[in-house]
Each structure stands twice: as C-alpha cells, then as structure tokens.
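A short write-up of the structure that comes next.
The values are calculated or read from the model by the stated rules, or taken from the named source; none is laboratory data. Just so you know, these numbers come straight off a predicted model, no measurement behind them. Glycine also receives a Cβ, built like all others from the backbone with ideal geometry; neighbour counts cover every protein chain displayed.
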Amino acid sequence: MTKINTPRVSAAILAASAAAFSFAAPVAAQDLAGKTVEFVIPFSESGGSARWANFFAPLLAEALPGNPTAIVGYRPGGGSTTGANWFQEQTTADGTLIFGTSGSTQFPYLLGDPRVRYEYRDWQPVLASGTGGVVYLPGDLGARFDGDMDDLQGEFFIFGSQGATTLDLVPLLAFKMLGLQVEPVFGIEGRGDGRLMFERGEANIDYQTSSAYLKNVVPLVEQGLAVPVMSWGILDDAGNVVRDPTFPDIPTFAEICEATAGCETSGVAWDAWRAFFVSGFAAQKLVYLPGNASADVVGMYSDAFAEILARPDFAALSESQLGVYPQMIGPAARVAHEAAITVSDEAREYVLSWLAEAYGVTMQ
Amino acid sequence: MDILTVALPALGDAFLTVIQPQHMMYMIAGVLLGLSIGVLPGLGGIAGLSLVLPFMFGMDPISGLALMVGLIAVIPTSDTFSSVLLGIPGSSASQATVLDGFPLARKGQAARALSAAFVSSLYGGILGAMVLTMIIFVARPLILAFGLPEMLMITILGMSMVAILAGRIPLKGVVAAGLGILVGTIGTAPAGGSLRMATYDFPYLVDGLQLVIIGLGIYAIPEVVSLLRQDTSISKSGQLGAGWSQGLRDWWANRWLSTKCAGIGVIVGVIPGLGGSVVDWIAYGYAVQSTKDRDQFGQGDIRGVIAPESSNNAKEGGGLVPTLIFGIPGSGSMAVFLGGLALLGMSPGPAMIRQDLDITYTIVWSLALANVVGAGLCVLLSGQIARLTTIRFTLLAPFLFMMIAFAAFQSRMSFGDLIALVFVGVIGILLRRFDYSRPAFLIGFVLSTQAEQFVNMATQIGAARFRRSFEAGIDYLVSPITVSLLILTVLSIVIGIRQSKNIRENITTYTGTKRAPMLFLGAITVYVAIATIDAATVTRFGDKVFPLTVGIVTLLGCLALMARMILRPETDDVFIDMETGGDDGEAPHSLWGTLAWFFGLLVLTGLFGFIIALALFFVGFFRLRAGLSWAMALVFASVGLGFILFFADLLNRDFPPGLLQSYFDLPWPFT
C-alpha cells in the first residue's frame, strides 16, 4: 500500500512555510513524530463528511511537524449529536485529537435540541469549509420563471427532503419566504435521493450543493430537463450575501427575494434564513481542537492547514475530490465559526414556531 | 448510442486493464483483506473499506480501484462462514442463508453447504456482471421507472415472505412479524423526528436498535446458548459427512434455480433505496414456492442455501449501477465505495457511463474476477474450515461470545449496545423456545423503516397528484410494475400460507403446561399494547399512523392467539415449549445457567472494561465450565485475546469501557 510518508518533501515545505510565516516559530517546539492523530467525525463512513475528512487526513499527516499518522474515526448517532457530546468530554490537548463538525451538528445546537450536551464556544476552530447550493425546477416550470416567483405562486410543489431540521431547513425557509406552496416529502436518505425523485418526476423542485449540482444536474440542464433558478450565494468579507463565483450567471436567493412581492431581505425571517444559511452552507464544515489545547497546538494546526491550502496542487485536488469549497483558516476560520453558531433569540423563536406550525416538528 | 462501436472497444480496454499484473495484485490483496475481516460478524465490508480509505488519496486510480473492488466483491462471500457454521447472520445479505445453512452444519454437512454457497456466489457474481455489461446503457430509464409506489410494492413483496416463514401456526408468525416491525419503529420517526417508545433521558434508544444487535440477539445468542447446553459439537454426530464436492454437484443440479435467483438479485440490486435487505428473503421464498418437495426447507435443504447466495452476490453487482450512473449509493458499503472513488479523483454520475465507459467496465469486470478469486479460495478452504463444526462446542463458545459482544459494541460504541444485546438475546431465546418464527421477526424488523418511509412518501405524493386530477393520481399509483408486483405478492401469500406448515425448524414438537407459553404471550401482548398506546400519543400524524396501525393489527393477533390458548387443550401446537423435550429439554446444562456465563462477561465488562473482563471470563470458563487444566485455560485465553487485539488494532477499534475506566485513565487496549 502506498502509505503517504514523504519526510523529505514535507520537511522542505515546512522550512518554506517557516520562512513565510514569522509566527510559525512555536512549531519547532511541537513535534508529533511517531504519534497518531485521530480526526473524529460524528458521522458514519458514508457521506460527505467522511469524504471531506479522508481528503484532509493524509494531507495533514504530511503537513504536521513530525509527520504523524493521521486516521479518521467515526462516531455516528443522534443526528451527529452523539459524537459531538463525546468530543465535549475529551481533554486530549497535545494535538492528537481533532474533531470535524457539519451543518447537521450546528443546527441542533442552534435550535436547542435536547440531545445537545456540547458547547461550541468551548472548542477552538482551526479550519472552516463552505459550500454553495443551487435550486432548480423542471423544464416546463422553469420556462415560467422570469427572475421572480410571482408567476409560480399558484403552483403546487413537491420537494424531497431529509427532514425539517436538517440542512433542508434553509431551502424550506427560502420557499416559504418566496410564498411558494411547497409540500416537503420527508424521510429521504440523502440529497441524491431527492435528485432521483426529481428525475422521476415525483418531485418538481430540488436543490443540490455545488459539487453535486455541477456533476449531476448540469447534464440535466443541458438536456432541458432542469432549469436553475437561484443559488444560495456566498458571504463576502463584509458579511453580505453575493453571487457565488462558481455560478456567476445564477441569481442569488436574495436577488430573487427582492424581486418577488412579499419577500424581504430584512426583518426576522431574513435574519433567521441568513443565520441558518451561514451555519449550513457558507461555514458548513469546521475542524476543532479541544478547549484545553494550548495556543502552540492551535498555531501548529493553523500552520499545517495554511500549508495545505498553499500547495500548488490544492485547487486541482480539492476540486476533483471535494467540489468547489472555499476554505478558511486563522482569523477567518474564527469569524466563520462565530457566524455558524450564532442566531438571535428572536430568529430562533421564529424558526421553532414555523417548524411546529408548518410541519408539526418540535424540539422536545 | 451505437453499442458495437462504443461498448466493444471499452470492453477490450477494460479487459486489458483487469488482467494487468499490478491490477491483479491489488485486487487479490483486497480479496484477502475482505475475507479476513469478513469472519467477524457485523463488521465486514464497511469496516474493511474504511480501513483502506485513508490510503486511497494519492494512490494510482487503477490500483486503488482494484483494492476496493476486491474488498467489496467478497463481502457477501465471507460472511457465509458465520451464517452456515455458527448460525450467526454475518450481514443482512446472508440472513436467509442461516435458515438452511446452519441445520446442514448441524447434520455434519457444513463443507457441502459452504461449497454450494460459494459456487452459487461465484456464479451469481459472474452472471450479475454479464447482465450489467449489457443493461448499463438502458439502466437509466429502468431505474427511473421505479418510483416510490413501486419500491413500496417490492418491500411488501419482501414482507409477504413472512407467510411462508410463519411456521406451524400462521398467527404466531403474524405476531412475530408485527413485533419485529414495532421494534423497528423504536426511536425517532424518520420523517418528523417524533419519539416512539423512547425518551431523551435514554439517548441510546433515540436512534433505534441496529440490525447488528437484532441479528446477533435473535439468531446468534439463542443458537450459541442452545449448543453450549448440549455440550457436543455443532455437527451432532461430531463427524463431517458429505464433502465439498457434493456441494458443487448440488449446485449443478440446481443451476436453473441459481440462475433465476441471480436474476432476482441483479434486478433488486439495481433499484436504489432498497438495499440488500430484501433480496435474500425474496430469493429464498422463490426457491420454496417454485419447488415441489418442500418439506426439508428449514431443516437443511441445500436449495435454501443456493438461492439466497446466488442472489446476494449478483445484487452487489446490481448495486453498482445506481452508484455509478446516478452517484447514489445502493447500500452502505456502496456509499463508502463512492467516497473512495472521489478520493481517487473519479466522479460517478451520468458522465461516467458516457465518457469513461472503460472505467465502468473495469469496475464491473474486476468485481466479477474478484468474485471468482474470492469464492474459489473459499471453496478450497471450506473443507478445512468446516472442521470447526466437529470441535467440542464448549471450547468454541467463549470465542463466539467474545465476537458477539465485540461486534455488537461496534454498532454504537456504547455500553448500551451490550445491554440491548442481552435484552434482544433473551427475546430471541424465548421466541425460539415457544416456536415463534424468528425469520418473521427479522423480516419485520429489517423492512420496518423502509416500509414506513415508502408508505408515507407514496401517500403524500399520491395525494398531491389526486388533488391535481383523478387520472394523475391513478397513473401514479397504478403502473404496470406495481400491478405485477401486487399479483406476485398475492400469489406469494397464497402459496406461502398453504406451504408454511412444511417449512419448520423443528420436526417433532413438545408441549408442556399452559403456563409458560401463556406468560410469554402475555408479555408480548403487554409490550404491543404499550407500544400502540405510545404511538397513539404521538401528535404528528405522519409519525404515528404506521406504528399505530401495525400495533393494532399485532394486538388483534395476540388476542386471537390468546383465545386459542384458552380454548385448546395443553397438547395443542400453540403450546409448543422446547424446554419440555428434545435437544433442549434433555440438555445437560440449564438454559439460564448457561446464559449467566454470557451475562457474567457483560457485568465484568461493565466493571473493568472489555479486555480485563474477557481475560477473567476466558480463564474462568475454560477452567470451570470446560474443565481444562489451568495451563490449557491460560493458553486458550491468550489465543482469544491475541486474536481480538490484533483485529481491533488493525481496524482501529476501541473496546467497551467499564466503571474502572471512568476513574483511571488506562492505555489502549484497556481504555
């Protein structure tokens, strides 16, 4: 087996990065040689988070000082709350344990799920990965779309959904704000199943995250079977929602909302949508160290991720294996972390009462 | 698409790739790894794949692919060992194999059963690859023809197999299946997240029980305990009868059955969302219904092994179609495979068939070749491995208890896994003792979630269609596929009920007093009643209607059974109690005393953690129960511990911790 272990190359990169970052001095004090770094995710071996963690694990092994072995550990259950509760109790401070979360871990925290025994503010973020999403309609309905949703208000939509409190909360809330009559069919296993329902004609509105859209929906668009209507957009440095550079020609939900009568990009509904959009998409996946890890260890990981992102082949690698994801490190990761775990009480109450009213879903 | 100009060159390219020495080497490495991990029930394929996942990144795509495909191909092959030899269903794909495979092992025909199973696997795998090669062009419309109503009908067809497996008294089968379905609904509802028979105070139940726990509890524990009480070997005579060449001849005699079951496997495998959980039951049911002399089924009919094993390897090939064409995993292992492909820089999806047809064919034919290598190897090994069935079972049992506890713990890595295992194990023992159909319970449990999902989703979409127009609604629900499946289901139930009397685990029956069977039925009735009331209190309609309906039906079944118990004399079949005669009744060791050994292992684990508990348990058991000398007891204990430590280290698994570990930080493996 081609175990990734190229000390000479990584030593050279390490020297280069030490020269490039003056704050890399404490790195010399830390050395993980001969140790095993466990990258734990609160999900099973299948799915997007496993792919993401297995992508970064070998890169981390190369980038961390001492070239430790990096393995991915899985602690699924409770919609990812089981694993996060476990991580909350961990005190491994030497950098041999890191934890990866996803929007599915953030949402129960934001909504006050009774299973949540973890506190994000106790943990130290070192990387944030984002993604986008695109909403699309079948060809016949798409033909009636003209930049706003006013003409589609009378239509009955069926949407295959994994559940009202999953990442699908973001599209469901967007549909509600646009005044669309969307009936979610809950209980599908993954977004791929939703796309299959759309292709079979059982659902007539759907969305996919960026990479899945590029891979699986663009061919449908080319055949005229699907029409993209809006993307979620991305956050710019000032925190505004702007067009996704991956989909420059697709308007954002904010644009469509402004053009549609009765939908506003201000007020409690918008605040709620924006908070969950950031948590579920713009800063979807985060890597954490336990709260008691020293600044040196945090610095060591920040440097390692900086080194990974600076690899000349990173863009090519991540595009083919993860899709187009913006990656944030250092201060940007901390900003993303803060945004991903923050929602105003008013916005939370709004979402909770909407979930109970519209879908009978409660958090007890 | 011009098949001749596109497909043939791609097939040629794929053939050249597959026979490259480097490709072969990695594929064989994958096969060997898969086979050695597959001996641990409940771990198998997903554990093996995630083991190699970290190495995928940066690997040459051809080698990486070969390694993964080699592993996947032998998942439904290697788990046959535990299904046949030990009566432990290795994975959901080989549950039905247990029904006749294990009785054959008890008759001393383990080698025959194994080699018939492996050659069926091999044949099914190759046939699956051939069908795939041809249908891959038309698979897309085929898959899109299977909407939710069609999938619901397949699930119901799977459930209709309960009719044929219901046992001597159909009503008991209904109660067992209903109980299985209800146990499957424990936890959060898949659609709205309402809690059923669970509270957030016991987080363990919120996620529901996992198939590993149910499979081990319902099948493995009752069988292991029963064998241990009799203190003989698995093969009743202690001898090996018919050898592995007999198995090959059996398969040849049933090659058409094998072909048809492989066909069933491919078709069901191709449909995403069904997974592998129904295909072996449908194949088994088909075998029973389509043959004439059926009275040996359930007691060791070789056709009961050939049918499911032919279908489950073919299914694995079928599962590749949705995975590659749509990028949607057909099963858990396919989901991990998909992740591995991404790490190799390949993106399955519509483009993969159009642009990378050679890669697609490489995957399909690597799978076939890996099947040949894996199953071939297993056929050669089966004669030797079958000797396990001649060993005195008391020496084997502690290792099985170790594997059962370890496998169960992998389900959620919580001590709750072990507690749940004991509970389900006791239910399994009692179901066996009072002659309730355990396959019916298992089918109910396995299909519970998907039945509920498909019912809810199909009704919701159907209702939306009917709102648009009556024709739209009818068009949606009544398609040629649903109608044909409905006819098949009705036929299967009619034939099943007529034949179920012939399919039974025990020939001679023993009845004792009325008290014990009535007590057990009473306990079931109370649970079903509580579950039904609990379902009624759920506020969200979509989350309550399924368990409520099933609960009411099961409750009616319980009451009807109760009425029969009151009216009939004690000698009626309804009062069957295996403790009153036969192998169990005359066993030298008591039921609860034997179970106490296993229970002791778990209590020790709760105190000292798994490894220390295991050491104490091994030495104690081998010395006191098996009567070995202290020296031999120590040797046996070390072998067992060494084995489990090796695997846990290889697979990066932890062991269940106990009270001791909550006070002291101990190094692995004592953590």
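Among the listed residues A:Phe145, A:Phe175, which satisfies the condition of being over 24 Å from the mean Cα position of the chain (by Cα), more than 12 Å from every other protein chain (Cβ to nearest Cβ) and either part of a helix (DSSP H, G or I) or farther than 25 Å from B:Gln453 by Cα (or both)?
Exactly one residue qualifies, and that residue is A:Phe145.
Sort out which residues of the range B:11-34 are surrounded by fewer than 18 Cβ atoms within 10 Å (Cβ to Cβ) and within 28 Å of B:Leu381 (Cβ to Cβ), and write them in order of number.
Once the filter is applied, which keeps residues that are surrounded by fewer than 18 Cβ atoms within 10 Å (Cβ to Cβ) and within 28 Å of B:Leu381 (Cβ to Cβ), the range B:11-34 yields B:Ile19, B:Gln20, B:Pro21, B:Gln22, B:Met24, B:Met25, B:Ala29, B:Leu32.
In the range B:628-652, what residues are outside any helix (DSSP H, G or I) and modelled with pLDDT under 90?
Result: B:Asn652, single match.
Residue by residue, here is whether (1) buried (at least 22 other Cβ atoms within 10 Å of the Cβ); (2) at the interface with chain B (Cβ under 8 Å from one of its Cβ atoms); (3) hydrophobic (A, V, I, L, M, F, W, C) holds:
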residue: A:Trp52; (1), (2), (3): yes, no, yes
residue: A:Pro68; (1), (2), (3): no, no, no
residue: A:Ile71; (1), (2), (3): no, yes, yes
residue: A:Ala84; (1), (2), (3): yes, no, yes
residue: A:Thr92; (1), (2), (3): no, no, no
residue: A:Thr96; (1), (2), (3): no, no, no
residue: A:Phe99; (1), (2), (3): yes, no, yes
residue: A:Ser104; (1), (2), (3): yes, no, no
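Would it be correct to say that B:Pro322 is buried (at least 24 other Cβ atoms within 10 Å of the Cβ) and within 14 Å of chain A (Cβ to nearest Cβ)?
yes
Is at least one residue of the range B:258-273 closer than 30 Å to B:Leu595 by Cα and either surrounded by fewer than 24 Cβ atoms within 10 Å (Cβ to Cβ) or not assigned by TED's automatic domain parsing to the domain that holds B:Leu85 (or both)?
No, because not a single residue in the range B:258-273 is closer than 30 Å to B:Leu595 by Cα and either surrounded by fewer than 24 Cβ atoms within 10 Å (Cβ to Cβ) or not assigned by TED's automatic domain parsing to the domain that holds B:Leu85 (or both).
Out of A:Gly201, A:Gly192, which single residue is facing another protein chain (nearest Cβ under 7 Å) and either of a type outside the set (Ser, Thr, Tyr) or not in a loop (DSSP other than H, G, I, E, B) (or both)?
None of the others qualify; the one that does is A:Gly192.
If the requirement is being under 27 Å from the mean Cα position of the chain (by Cα) and not assigned by TED's automatic domain parsing to the domain that holds B:Glu223, which of these qualifies: B:Thr549, B:Thr571, B:Thr489, B:Thr537?
Exactly one of B:Thr549, B:Thr571, B:Thr489, B:Thr537 is under 27 Å from the mean Cα position of the chain (by Cα) and not assigned by TED's automatic domain parsing to the domain that holds B:Glu223, namely B:Thr549.
Here's a check for you: in the range B:326-382, which residue that is hydroxyl-bearing (Ser, Thr, Tyr) and within 14 Å of another protein chain (Cβ to nearest Cβ) is farthest from B:Phe15 (Cα to Cα)?
Once the filter is applied, the top-ranked residue is B:Ser331.
Before we move on, is B:Glu309 charged (D, E, K, R), surrounded by 24 or more Cβ atoms within 10 Å (Cβ to Cβ) and touching a Phe, Trp or Tyr at 6+ places or on another chain (Cβ under 9 Å)?
Spelling it out, B:Glu309 is indeed charged (D, E, K, R), surrounded by 24 or more Cβ atoms within 10 Å (Cβ to Cβ) and touching a Phe, Trp or Tyr at 6+ places or on another chain (Cβ under 9 Å).
Could we say that A:Glu258 is free of Cβ contacts under 8 Å to residues at least 12 places away in the same chain, of a type outside the set (A, V, I, L, M) and in a helix (DSSP H, G or I) here?
yes
With the requirement that a residue be small (Gly, Ala, Ser) and more than 25 Å from B:Val372 (Cβ to Cβ), what does the range B:280-328 give you?
B:Gly285, B:Ser290, B:Gly298, B:Gly300, B:Gly327
Please go through the range A:262-285 and pick out each residue that is surrounded by fewer than 20 Cβ atoms within 10 Å (Cβ to Cβ) and touching a Gly at 6+ places or on another chain (Cβ under 8 Å).
Passing the criteria: only A:Gly262.
One line per residue, one yes/no per condition, for (1) surrounded by 19 or more Cβ atoms within 10 Å (Cβ to Cβ); (2) away from chain B (no Cβ under 14 Å):
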| site | (1), (2) |
| --- | --- |
| A:Arg75 | yes, no |
| A:Val116 | yes, no |
| A:Arg121 | no, yes |
| A:Met149 | yes, yes |
| A:Ile158 | yes, no |
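Which condition number in (1) outside any strand (DSSP E or B); (2) in contact (Cβ under 8 Å) with a residue 40 or more places away in the chain; (3) in contact with a strand residue (DSSP E or B) (Cβ under 9 Å, 6 or more places away or on another chain) is the one that A:Tyr136 fails?
Evaluating A:Tyr136 over (1) outside any strand (DSSP E or B); (2) in contact (Cβ under 8 Å) with a residue 40 or more places away in the chain; (3) in contact with a strand residue (DSSP E or B) (Cβ under 9 Å, 6 or more places away or on another chain) leaves (1) as the failure.
Looking at this structure, is A:Ile308 touching a helix residue (DSSP H, G or I) at 6+ places or on another chain (Cβ under 6 Å), under 30 Å from B:Leu341 (Cα atoms), within 14 Å of chain B (Cβ to nearest Cβ) and not aromatic (Phe, Trp, Tyr)?
Answer is yes for this residue.
Can you pull out every residue in the range B:185-241 that is free of Cβ contacts under 8 Å to residues at least 24 places away in the same chain and touching a Phe, Trp or Tyr at 6+ places or on another chain (Cβ under 7 Å)?
Result: B:Val206, single match.
Assuming B:Lys292 fulfils every condition listed in (1) touching a residue at least 24 places away in the same chain (Cβ under 8 Å); (2) surrounded by fewer than 24 Cβ atoms within 10 Å (Cβ to Cβ); (3) not polar (S, T, N, Q) apart from one, which condition is it?
The number of the failed condition is (1).
Residue-wise test of (1) farther than 15 Å from B:Leu400 by Cα; (2) in contact with a helix residue (DSSP H, G or I) (Cβ under 7 Å, 6 or more places away or on another chain).
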residue: B:Gly600; (1), (2): no, yes
residue: B:Leu607; (1), (2): yes, yes
residue: B:Phe618; (1), (2): no, yes
residue: B:Leu624; (1), (2): yes, no
residue: B:Val635; (1), (2): yes, no
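Go through A:Val361, A:Val298, A:Val351, A:Val287 for me and flag whichever is part of a loop (DSSP other than H, G, I, E, B) and touching a residue at least 12 places away in the same chain (Cβ under 8 Å).
The unique qualifying residue is A:Val361.
Look through A:Ala212, A:Ala226 and report the one residue that is touching a Gly at 6+ places or on another chain (Cβ under 8 Å), at the interface with chain B (Cβ under 8 Å from one of its Cβ atoms), in contact (Cβ under 8 Å) with a residue 60 or more places away in the chain and not charged (D, E, K, R).
A:Ala212
Among the residues that make up the range B:576-597, is at least one of them out of contact with any Pro (no Cβ under 9 Å at 6 or more places or on another chain), assigned to a helix (DSSP H, G or I) and of a type in the set (Phe, Trp, Tyr)?
Yes, the range B:576-597 contains at least one residue that is out of contact with any Pro (no Cβ under 9 Å at 6 or more places or on another chain), assigned to a helix (DSSP H, G or I) and of a type in the set (Phe, Trp, Tyr).
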